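Each remark here refers to the structure printed beneath this line.
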């Protein structure tokens, strides 16, 4: 399964990176070239049995984009939970 995942990711990465570099040389956006290279990196990490590294790298890249972007970036935070201990008197009165 790992080898199959590697080949699927590698083919997808090459299919995006090669035309992406061509488009970038014509003056277009480098998005597809960058996306293809990142998918190739994911394929390499899957082959080396370190798929968790992909998530770690994605978190670092996302944090860097949010911190250094020249334009506003919308971020959504998970609602924080309040861990409030019950009042000691209320807990005693129920006993």
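The values are calculated or read from the model by the stated rules, or taken from the named source; none is laboratory data. All of these numbers come straight from a predicted model, not from anything done at the bench. Using ideal geometry, Cβ is built from the backbone for each residue, glycine included, and neighbour counts are taken over all protein chains shown.
The residue pairs whose first member lies in segment 2-30 and is in contact (Cβ under 8 Å) with a residue 40 or more places away in the chain, whose second member is surrounded by 13 or more Cβ atoms within 10 Å (Cβ to Cβ) and assigned to a helix (DSSP H, G or I), and whose beta carbons are closer than 6 Å, counting only pairs six or more residues apart or on different chains, are 5/46; 6/43; 6/46; 6/47. Check whether at least one residue in segment 17-31 is surrounded by 13 or more Cβ atoms within 10 Å (Cβ to Cβ), in contact with a helix residue (DSSP H, G or I) (Cβ under 7 Å, 6 or more places away or on another chain) and modelled with pLDDT under 75, and report yes or no. Looking through segment 17-31, none of the residues is surrounded by 13 or more Cβ atoms within 10 Å (Cβ to Cβ), in contact with a helix residue (DSSP H, G or I) (Cβ under 7 Å, 6 or more places away or on another chain) and modelled with pLDDT under 75.
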